[in-house]
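Take a look at the structure below.
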Amino acid sequence: MDVRGYFRHLDYLLLAITLGLIGYGATMIYFATRHDPLTSATYYARSQLLYAAVGFAVLVAVSTIDYERYRRWQWALYAFALVTIAAVFALGPVTRGSRRWLQTPFMNFQPSELALWIVTVTMAAFLVDRMDLLGTRRITVQALAYVALPAALIFFQPDFGTATVFIALTIALLLFYGTRWTHFATLFAASAVVFVAVLDVLPALGLHLVKQYQIDRLLVFLHPGRDPGASGYNVMQSMIAVGSGSLTGRGNLATQTQLDFLPEHHTDFIFAVISERYGFVGAALLIGLYVLLIWRALRIATLSRDMYGSMMAGGIAVMFLFQAFVNIGMTIGIMPVTGIPLPFVSYGGAALITSLMLVGLLESIHVRARRAVGPGGQSGKR
């Protein structure tokens, strides 16, 4: 594709929304961490902006590649995702009781985050290549098996939050693929059985697949006032911060953040920082940006020149929606704490770069869709 055509067909509103979210996030990371000991006031904000610069370079690279190539590379990409996730168990350092990272000279690399992007492009290709099986139980089972291996590896790191994002992505891709509603009903019923078995039946038999801290988080979600000094502390402090923000926020009097009552204030609970400092107005602005982001992704799904692009764009929209909903929900006590970051806003290089790669994929789909249509709605060069 020529350079002029590339720049002419970019979705600039999508890029502006993405920049808005990153700028908002970096600003709130600064306010959340400027009084933290052992670091300079701007350390985390500068690091986040550096990650954003790297992420935008990757975004541009991804957007210039015709996404159809991923269909040819699907099995190599899928194998790479599995190998890197599995490598964490052998090479990754133990951090807070889990292995999630591979150390590199430049930054810690989290294979599970990159795997989200890889599974988006490879599972969509897997389904599109089997359109003749649409509507059959066989393809639904195959799709579940396809995602089960990477999701299981991530679950046992343990990283329950990212594993649930894989589940949400799978459901989204099956939905955009055209899977029958009866298959979803069966899937949800089976999930309920597995849930009961993992939390009740298997522990009674001496097999514990879920860590105790994960069970504690679930119990806190069901009973918010349970153990406020230990397992329920994070959620209670977060809800206090959100509630104290009122309509317009407390500004520099946001004591929950500044006095370090609010834990993980620049990562998991960044939304509570926003709500305390800028109140309902600041929270509504952030949610509005997410609504616009998801709208653009769904619009790209409708514009795509083919089923493959539509499925990927739809899956990305649902993934962003799920991550934002769960993260915001856990700060106000309507979702269990899972460690899912707030896209583009929570501090973290791996998550931010992966999110920008997903935006790059959306831009790749958009550029080629607009080029295929051509001026005046006429079919152009593909």
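Okay, here's what the table says:
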{"read-out": "Candidate set from the stretch 98-133 (those that are assigned to a loop (DSSP other than H, G, I, E, B) and either over 22 Å from the mean Cα position of the chain (by Cα) or free of Cβ contacts under 8 Å to residues at least 12 places away in the same chain (or both)); member that is surrounded by the most Cβ atoms within 10 Å (Cβ to Cβ)", "value": "R130"}
{"read-out": "In the stretch 157-189, the residues that are out of contact with any strand residue (DSSP E or B) (no Cβ under 6 Å at 6 or more places or on another chain) and not in a helix (DSSP H, G or I)", "value": "D159, G178, T179, R180"}
{"read-out": "Failed item in (1) free of Cβ contacts under 8 Å to residues at least 24 places away in the same chain; (2) closer than 30 Å to R4 by Cα; (3) outside any helix (DSSP H, G or I), with D66 passing the rest", "value": "(1)"}
{"read-out": "Answer residue from the stretch 327-352, given it is β-branched (V, I, T) and modelled with pLDDT under 95 and is surrounded by the fewest Cβ atoms within 10 Å (Cβ to Cβ) among those", "value": "I334"}
{"read-out": "Count of residues meeting criterion [of a type outside the set (A, V, I, L, M) and over 23 Å from the mean Cα position of the chain (by Cα)] in the stretch 41-65", "value": "2"}
{"read-out": "Output for the stretch 219-261, where each listed residue is within 20 Å of I334 (Cβ to Cβ), surrounded by fewer than 17 Cβ atoms within 10 Å (Cβ to Cβ), of a type in the set (A, V, I, L, M) and modelled with pLDDT under 80", "value": "L219, L222"}
{"read-out": "Any hit, the stretch 143-150, residues being closer than 19 Å to M307 by Cβ, of a type outside the set (D, E, K, R) and not in a helix (DSSP H, G or I)", "value": "no"}
{"read-out": "Failed item, numbered, when F344 is tested on (1) touching a Ser or Thr at 6+ places or on another chain (Cβ under 9 Å); (2) without any contact (Cβ under 8 Å) to a residue 12 or more places away in the chain; (3) not polar (S, T, N, Q)", "value": "(2)"}
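The values are calculated or read from the model by the stated rules, or taken from the named source; none is laboratory data. Being a predicted model, the structure only gives us computed values, none of them experimental. Note that each Cβ is placed from the backbone with ideal geometry, even for glycine, and that neighbours are counted across all protein chains shown.
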